[in-house]
Amino acid sequence: MKQFQYSRPATQQAVIDAINKPGTKIIAGGTNLVDLMKRGVTAPDKLIDINHLPLKNISIGKGGLQIGALALNSVVSEDKLVLQNHPLLSMALKAGASPQLRNMATVGGNILQRTRCAYFYDTTMPCNKREPGSGCGAIGGYNRMHAIFGASDKCIAVHPSDMCVALVALDATVIVQSKKGTRRIPFADFHRLPGEHPDLDNNLAAGELILGVEIPDNNFAKNSYYLKIRDRQSYAFALVSVAAALELDGNTIKNARLAMGGVAHKPWRLVEAEKALVGKTVSAETFNIAAQIAIQGAKTYGGNDFKLKLAPATITEALKHASGLV
Amino acid sequence: MKSKNPPEEPAHEDNFLESSRRDFLKHSGLLTAIAFTPSPLVKAAQSGLDEKIADLYEKVPVSLEVNGVKHQLSIEPRVTLLDLLREQLELTGTKKGCDHGQCGACTVHVDGHRVNSCLTLGVIVSGKKITTIEGLAKGDQLHPMQEAFIKHDGFQCGYCTPGQIMSAVACIREGHANSEHEIREYMSGNICRCGAYPNIVNAIQEVKEGGQAV
Ligand SMILES: Cc1cc2nc3c(=O)[nH]c(=O)nc-3n(C[C@H](O)[C@H](O)[C@H](O)COP(=O)(O)OP(=O)(O)OC[C@H]3O[C@@H](n4cnc5c(N)ncnc54)[C@H](O)[C@@H]3O)c2cc1C
Ligand code: SF4
Ligand code: FES
Ligand code: FES
């Protein structure tokens, strides 16, 4: 690992002043950043430790449930308010990483974690995300884990987070602060598609600190489910995952939220499939139709062809669990 | 490791790292620096090891309580808790498996919570209490989880075992050892290449059911 300077500015304002400089990176839990630094994928000149900032709270505010950027993944997953109001978020968090890692990983770091594409991690391989212009190793290479939606001919990587799939389904907002003040970014607009610039994962501007996320109130608590399919039962990234949240009136679907992980460069909200669910009766048939709509426009790259079958099957299964059909 | 970022001037308001001394080095040039500095630096410079000089100035003070013993250390910011424990404190019970958060061999407790020490920077846990496998036994009396691992043959080569045991103790303390299924899920962060999993689960279940304090 390359040498770097380390600093722990005393206040939030001092952190914001410090992160505005090129070559500087924030460190929270370090579970992604330290890994990437060890491999030489990223090499900051200076780390700004923010772990002492008062951004750990989970509380009810005017706009809904607020979760500080430094709240640990383990803490959020077991928090009473989260379990009561947004069990989907707890399920997604518990499906991610391992208990040890969740004890270190923060909400802000989870949102900003980078792809697990093997070529991105291997500095001897071409990768447009790591080294713009060097090519994409995964296109025509090993792409079992890769995207089926919204990819470009520059990059077909996926965003690896489970938590973010739940947050995009729950219409969360990311709250950030910079020298210019605070800004609210709807979760669906936070991450970006690779397009011509796969080096950019998201729309966070340089010098911005994530303060936390806010989840508006909803009526999904009773009928939500996170289903993650992976190569082993636990402690592995998703091949495909589905966050499903329903508001039921008897057997009728009043409102629906659906999002997928492991399929795109960002947590992938399935708006058309949601529309196909609203007003319908809970049944395997209804869910199959929505799942087929969800998969429209998918494109595969050889190694991930199986996702064309796995993705709709996972959607149907997640909806069955959410609705209580199984 | 290659840096794509342009070199940055050290921040002057930042006193945490004694950056004034480093600035001095950078700004005044090596020769002037040598004239005023003690002999290890001169020796390093004479052998052309400019980097070593930088090293001497980049260290950060860290205080840690490890297994009840307080330590005042001076470390490079890039040193992980795992390397610090093994190489500076010679507590080699904590193992390095993957060094990338993927196996759990390096599991220790920080302020009572289990973490992967290979992805934890030493500077970040300054001021905290660390417990390693060496800190579980009370003198000659093994911790109940250690006893249970021996009784149930919860290992073969033993490489993953310190991490397994630290994780197992945390698993019970967290209240995540209520069924075989739950134990397997909450122990999934510890890989055993020898496949001792069934015996590990048995050991944890026995300690949990025995109701002893862990
Ligand atoms: C072996 C392994 C398996 C894993 N499995 C899964 C999995 O199955 N599912 C899953 O979802 N995740 C998984 N993860 C990823 C894990 O969830 C992330 O590494 C973690 O959430 C990152 O959080 P952190 O606090 O450690 O971030 P850090 O590593 O500290 O930071 C990550 C990035 O975020 C930036 N950052 C952090 N906080 C802020 C802030 N407040 N404002 C601005 N920038 C900030 C940092 O500068 C850095 O660029 C796994 C990780 C490992 C190592
Ligand atoms: S898919 Fe993206 S991250 Fe993976 S090699 Fe191609 S450019 Fe790099
Ligand atoms: S050595 Fe830390 S998880 Fe493998
Ligand atoms: S006992 Fe050999 S790796 Fe677990």
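Since every read-out is calculated from the coordinates, none of them should be taken as a lab result. Note that the coordinates shown come from a computational prediction; the quantities given were computed from them, not determined experimentally. Cβ placement follows ideal geometry from the backbone for every residue including glycine, while neighbour counts extend to all protein chains displayed.
Charges at C-beta only: +1 for Lys and Arg, -1 for Asp and Glu. How large is the resulting dipole of region A:184-243 about its Cα centre, in Debye rounded to 20?
Once rounded to the nearest 20, the dipole reads 420 debye.
Note down the net charge around A:Tyr226, summing +1 for each Lys or Arg and -1 for each Asp or Glu among other residues with Cβ under 10 Å from its Cβ.
+1
Along the charge dipole of region A:230-309, which of A:Ala291, A:Ser234, A:Ala276 sits closest to the positive end, that is, farthest toward it, with unit charges on the beta carbon of Lys, Arg, Asp and Glu (+1, +1, -1, -1)?
A:Ser234
In Å, the Kirkwood hydrodynamic radius of region A:221-303 over pairs of distinct alpha carbons?
With all distinct Cα pairs of region A:221-303 included, I get 13.7 Å.
Please sort by residue number the GluC sites (Glu not before Pro) in region A:210-291 whose DSSP state is loop and whose Cβ has at most 11 other Cβ atoms within 10 Å.
Sparse-neighbourhood loop GluC sites (Glu not before Pro): none present.
At a temperature of 20 °C and a viscosity of 1.002 mPa s, determine how fast the protein assembly as shown diffuses translationally according to Stokes-Einstein, using the Kirkwood radius over alpha-carbon pairs as Rh; express D in µm²/s, rounded to the nearest whole number.
86
Rounded to the nearest Å, what's the spacing between the alpha carbon centres of region A:69-95 and region B:73-118? Just the number, please.
27
So the label point goes 7 Å from the Cα of B:Arg193 along Cα→C-beta, right? Which residues of region B:81-119 then have their backbone N under 14 Å from it?
B:95-100, B:102-106
Pulled fully out, how much extra length does the chain show between A:Asn288 and A:Gln84, if you take 0.36 nm times their separation in residues and subtract their Cα-Cα distance?
So the chain would gain 70.5 nm between A:Asn288 and A:Gln84.
Okay, helix-only estimate at 222 nm for chain A: each DSSP H run of n ≥ 4 adds -39500 (n - 2.57), divide by all residues, round to 500 deg cm²/dmol; what do you get?
Using -39500 (n - 2.57) per qualifying helix, the result is -7500 deg cm²/dmol.
For the modelled label position 7 Å from the Cα of A:Thr124 along Cα-to-Cβ, which residues of region A:141-167 have backbone nitrogen atoms closer than 20 Å?
A:141-143
Where the only charges are on Cβ atoms (+1 Lys, Arg; -1 Asp, Glu), what is the dipole of the protein assembly as shown about its Cα centre, to the nearest 20 debye?
It works out to roughly 580 debye.
Taking the Cβ of A:Val240 as the centre, find all other residues whose Cβ is under 11 Å away and add up their charges (Lys, Arg: +1; Asp, Glu: -1).
Result for the neighbourhood of A:Val240: +3.
Could you work out the equivalent-ellipsoid semi-axes for region A:283-326, taking the square root of 5 times each eigenvalue of the Cα gyration tensor, largest first, in whole Å?
Calculated on Cα positions only, the semi-axes equal 22, 11, 6 Å.
Can you give the charge dipole size of region A:5-51 about its Cα centre, rounded to the nearest 20 debye, using +1 on the beta carbon of Lys and Arg and -1 on the beta carbon of Asp and Glu?
100
Please label the shape of region B:80-125 as rounded, prolate or oblate, based on the square roots a ≥ b ≥ c of the eigenvalues of the alpha-carbon gyration tensor (a/c under 1.5 means rounded; beyond that, a/b larger than b/c means prolate, else oblate).
rounded
Taking region B:169-214, which trypsin sites (Lys or Arg not before Pro) meet the DSSP loop condition and have no more than 12 other C-beta atoms within 10 Å?
B:Arg193
Could you point to the residue in B:Gly175, B:Ile204, A:Met163 farthest towards the positive end of the protein assembly as shown's charge dipole, with +1 and -1 charges on the Cβ of Lys/Arg and Asp/Glu respectively?
Farthest towards the positive end: A:Met163.
For region A:34-176, what D do you get in µm² per second when you plug the Kirkwood radius from alpha-carbon pairs into Stokes-Einstein at 4 °C and 1.567 mPa s?
Diffusion coefficient, whole number: 77 µm²/s.
Rank A:Met104, A:Asn85, A:Ala172 by how far each Cα sits towards the positive end of the charge dipole of region A:55-175 (+1 on Lys, Arg Cβ; -1 on Asp, Glu Cβ) and give me just the farthest.
A:Met104
From the phi of every residue in region A:33-47, what ³J(HN,Hα) in whole Hz does the Karplus formula 6.51 cos²θ - 1.76 cosθ + 1.60 yield, where θ is phi - 60° and glycine or proline is x?
5, 5, 4, 5, 6, 4, 8, x, 6, 9, 9, x, 7, 8, 9
Cα gyration tensor of region B:57-135, axes a ≥ b ≥ c as square roots of the eigenvalues: rounded (a/c below 1.5), prolate (a/b > b/c) or oblate?
It is oblate, given that a/c is not under 1.5 and a/b is not larger than b/c.
If I model a spin label as a point 7 Å beyond the Cα along the Cα-Cβ vector, how far apart are those points for A:Lys299 and B:Glu174 in nm?
4.0
Would you give the gap between the C-alpha center of region A:100-172 and the C-alpha center of region B:160-188, rounded to a whole Å?
Computed from Cα coordinates, the inter-centre distance equals 29 Å.
Rounded, prolate or oblate: which fits region A:1-105 when a ≥ b ≥ c are the square roots of the eigenvalues of the alpha-carbon gyration tensor, with rounded for a/c under 1.5 and prolate only if a/b beats b/c?
The shape class here is oblate.
Within region A:224-321, list the trypsin sites (Lys or Arg not before Pro) lying in a DSSP loop whose Cβ has at most 12 other Cβ atoms in a 10 Å radius.
A:Arg232, A:Lys299
Please give the net charge around A:Gly133, taking every other residue with its beta carbon less than 10 angstrom from that of A:Gly133, where Lys and Arg add +1 and Asp and Glu add -1.
Within the 10 Å Cβ shell, the charges total -1.
How many times 2.2 N^0.38 Å is the alpha carbon radius of gyration of region B:116-195?
Dividing the Cα Rg of region B:116-195 by 2.2 N^0.38 Å gives 1.17.
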